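Here is the structure we will look at.
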Amino acid sequence: MDNNIQKDEQVIIAGLDTGQEDYDYSMTELAELAQANHMDVVQRVDQVIDRPNPATYFGTGKVAEIAEVAATNDATTIITNDELSPSQLRNLEEEVGCRILDRTALILEIFANRAQTKEAKLQVQIAELQYRLPRLQTSASQRLDQQTGGGSGFTNRGAGETKLEMDRRTIQHQISHLRHELADIDKSEATKRKQRAKSNIPTAALVGYTNAGKSTIMNGLVRRYGAVEDKTVFEKNMLFATLDTSVRRLTLPSKKDFLLSDTVGFVSKLPTNLVKSFRSTLAEAANADLLIQVIDYSDPHYEEMMHTTEQTLKQIGIENIPMINVFNKADKTEIEFPVLEGDDQVVISAKQPESLDLLVNVIRKHLFKDYVQVKLLLPFAEGQLVSYLNEHTNILNTEYRTDGTLLTVEMSPQEAQRFTKYEV
Ligand SMILES: Nc1nc2c(ncn2[C@@H]2O[C@H](COP(=O)(O)OP(=O)(O)OP(=O)(O)O)[C@@H](O)[C@H]2O)c(=O)[nH]1
Ligand SMILES: [Mg+2]
């Protein structure tokens with residue numbers, strides 16, 4: 001796929017309104033996706049119809065209209081709201097005389113341009129090749145047309161088909177090669193995850209729609225509770241700012257540690273292949289003890305976005321992990337904040353310190369709910385244990401007695417096990 005997209009290419013977005021509830025919103029989002037890909041949306045075309053035309057996706061009259069709108073607006077690309085079948089793509093391209101980019105290809109282009117790490121790049125490349133594989137016919141027949149000036153003589157067609165088979169095999173080869181490379185990276189990530197799991201530190205993962213504020217929350221928390229040397233992550237007002245997973249260790253004032261991960265955001269109709277190939281990036285969320293769903297509360301479509309997030313999580317097999325809802329960007333609404341609603345919902349602004357403290361409190365209640373309070377009597381000779389506890393646990397009370405130091409300590413059940421002989 002072409003990564004050197006011309007800046008601000010003029011495009012038209014076109015969609016079929018088959019009566020689905022969120023049609024209008026998905027078209028608005030399609031325009032945003034185009035903008036995220038440095039394209040200038042000059043027109044929007046809609047067709048209300050029961051079902052897509054199997055040959056050209058749009059009905060015949062609409063195809064002519066699109067061609068005309070493209071010509072009057074100097075548009076070079078038409079973006080369709082749904083993924084088209086290989087033959088629809090080919091036919092439509094022929095009849096309109098413009099490049100046709102479907103929603104899937106557009107999202108793939110954005111991902112390809114944003115991918116930074118080796119892992120993200122491999123994942124996008126695999127998804128791109130998988131998308132191209134069934135659509136090879138188009139480019140092969142086009143090449144054939146160019147060679148023969150539009151005609152398709154018998155010998156030429158044969159040559160084209162052989163070329164097609166070759167292209168197909170090459171791509172299949174590339175996919176399996178890239179999969180191997182990715183598997184190696186995944187292995188070392190999995191090892192790291194296992195080590196973290198062994199350390200018994202609970203983990204929470206930020207999930208949610210793209211641009212909801214996940215990275216902003218991560219950075220806010222890292223600045224307040226992270227180690228000084230911890231790097232912040234990239235946050236920006238654009239779709240798919242984050243394509244990788246970052247994990248940071250946070251320490252609460254009560255000396256409780258937890259790991260927080262930030263990862264790729266979702267969007268409606270996220271291509272299945274892309275979601276699948278990003279499975280390992282999302283593995284951090286799959287292994288979390290707690291999911292923190294971040295929602296842009298200032299967006300009128302936040303409910304649809306929550307629905308998409310939940311659907312996507314299900315699609316990648318992330319289920320049955322406790323989840324809290326964070327209604328973010330409340331500063332852009334009239335709604336009061338920070339507010340705690342029940343045990344697992346907060347209304348906050350990622351940019352406000354009080355909000356972050358409230359959020360951390362909710363996270364703490366979930367992650368450390370099995371922590372126990374124990375009373376330990378440590379003989380004076382065990383001074384190093386007292387310093388250990390001082391450093392690593394939350395000491396609620398200290399009393400010096402003649403027979404030693406009496407501490408009231410809050411700790412994990414596993415840790416408490418190690419100290420049973422001092423318990424009183
Ligand atoms: N006003 C306001 N803006 C916010 C708030 N939280 C985040 N933002 C802005 O929203 C934009 C997106 O924030 P990010 O943190 O990059 O969003 P994300 O969820 O990580 O997005 P992806 O990485 O694309 O999935 C940025 O411009 C942030 O400054 C908030 O509480 N209030
Ligand atoms: Mg982000």
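Once a ≥ b ≥ c are taken as the square roots of the eigenvalues of the Cα gyration tensor of region 189-277, is the result rounded (a/c under 1.5), prolate (a/b larger than b/c) or oblate (a/b not larger than b/c)?
Details: a/c = 2.51, a/b = 1.43, b/c = 1.76.
Judged from the Cα gyration tensor, region 189-277 comes out oblate (a/c at least 1.5, b/c at or above a/b).
Among Tyr302, Tyr400, sorting on how many other beta-carbon atoms sit within 10 Å of each Cβ, with the fewest leading, yields Tyr400, Tyr302.
Remark: region 322-416 carries a charge dipole of roughly 100 debye about the Cα centre, counting +1 on each Lys and Arg Cβ and -1 on each Asp and Glu Cβ. If R₀ is 41 angstrom, what is the calculated FRET efficiency for the pair Thr420 and Gln352, using the beta carbon separation as r and rounding to 0.05? E between Thr420 and Gln352, to the nearest 0.05, is 0.45. Here Phe327, Phe234 are placed in order of increasing Cβ neighbour count within 10 Å, fewest first, which gives Phe234, Phe327. Please compute the contact order of the chain in relative form: average sequence separation of alpha-carbon pairs under 8 Å and at least six residues apart, divided by the residue count, as a percent. The normalised contact order for the chain reaches 11 percent. Dipole orientation for the chain: of the candidates Ile66, His392, Gln20, His392 has the Cα lying most toward the positive pole (charges on Cβ; Lys, Arg +1; Asp, Glu -1).
Once you have a ≥ b ≥ c as the square roots of the Cα gyration tensor eigenvalues for region 5-97, tell me rounded if a/c is under 1.5, and otherwise prolate or oblate according to whether a/b is larger than b/c. Oblate, because a/c is 1.5 or more while a/b does not exceed b/c.
With only Lys, Arg, Asp and Glu charged, each at its Cβ (+1 for the first two, -1 for the last two), find how big the charge dipole of the chain is about the Cα centre; round to the nearest 20 debye. Can you show the working numbers first?
Working: 47 positive and 62 negative charges, 380 e Å.
Dipole magnitude for the chain comes out near 1820 debye.
Round to a whole angstrom and tell me the spacing of the C-alpha centers of region 360-379 and region 232-309. Region 360-379 and region 232-309 have Cα centres separated by 27 Å. The simple spin-label model puts a point 7 Å past each Cα toward its Cβ; for Lys375 and Tyr400 those points are separated by 2.0 nm. Only one residue of Asn113, Tyr209, Ala34 has its Cα farthest out toward the positive end of the dipole of the chain, where Lys and Arg carry +1 and Asp and Glu -1 on Cβ, and that residue is Asn113.
Over all Cα atoms in region 201-367, the spread is summed up by Rg and Dmax: 14.6, 43 Å. What shape does the chain take by its C-alpha gyration tensor, where a ≥ b ≥ c are the square roots of the eigenvalues and a/c under 1.5 counts as rounded, a/b above b/c as prolate, and the rest as oblate? Because a/c hits 1.5 or more and a/b exceeds b/c, the chain counts as prolate. With Cα atoms defining each centre, region 313-336 and region 1-77 are spaced 30 Å apart in the structure.
Want the number for Val228 to Thr272: 0.36 nm per residue separation, take away the alpha-carbon distance, what's left? Write out the running numbers ahead of the final one.
On the way: separation 44, 0.36 × 44 = 15.84 nm, distance 3.90 nm.
Between Val228 and Thr272, full extension yields 11.9 nm more.
Based on other C-beta atoms within 10 Å, arrange His180, His307 from fewest to most. Before the final figure, lay out each step's value.
Values: His180 10, His307 14.
If I rank by nearby Cβ atoms, fewest first, I get His180, His307.
If only the Cβ of Lys and Arg carry +1 and only the Cβ of Asp and Glu carry -1, the dipole of region 199-350 around its Cα centre is close to 580 debye.
Going by average Cβ neighbours within 10 Å, how do the peptides 203-216, 282-295, 354-367 rank, with the highest at the top? Walk me through the numbers before you get to the answer.
Working: 203-216: 25.6, 282-295: 21.6, 354-367: 18.5.
Highest-to-lowest ranking by the protection proxy: 203-216, 282-295, 354-367.
A Förster radius of 45 Å combined with the Cβ-Cβ distance from Asp40 to Ile335 puts the calculated FRET efficiency at roughly 0.85.
Quick note: the coordinates plus some simple rules give every number you see, no bench work behind them. In this text, all values refer to a predicted model and were calculated from it rather than measured experimentally. Counting neighbours? That spans all protein chains shown, and the Cβs are built from the backbone with ideal geometry, glycine included.
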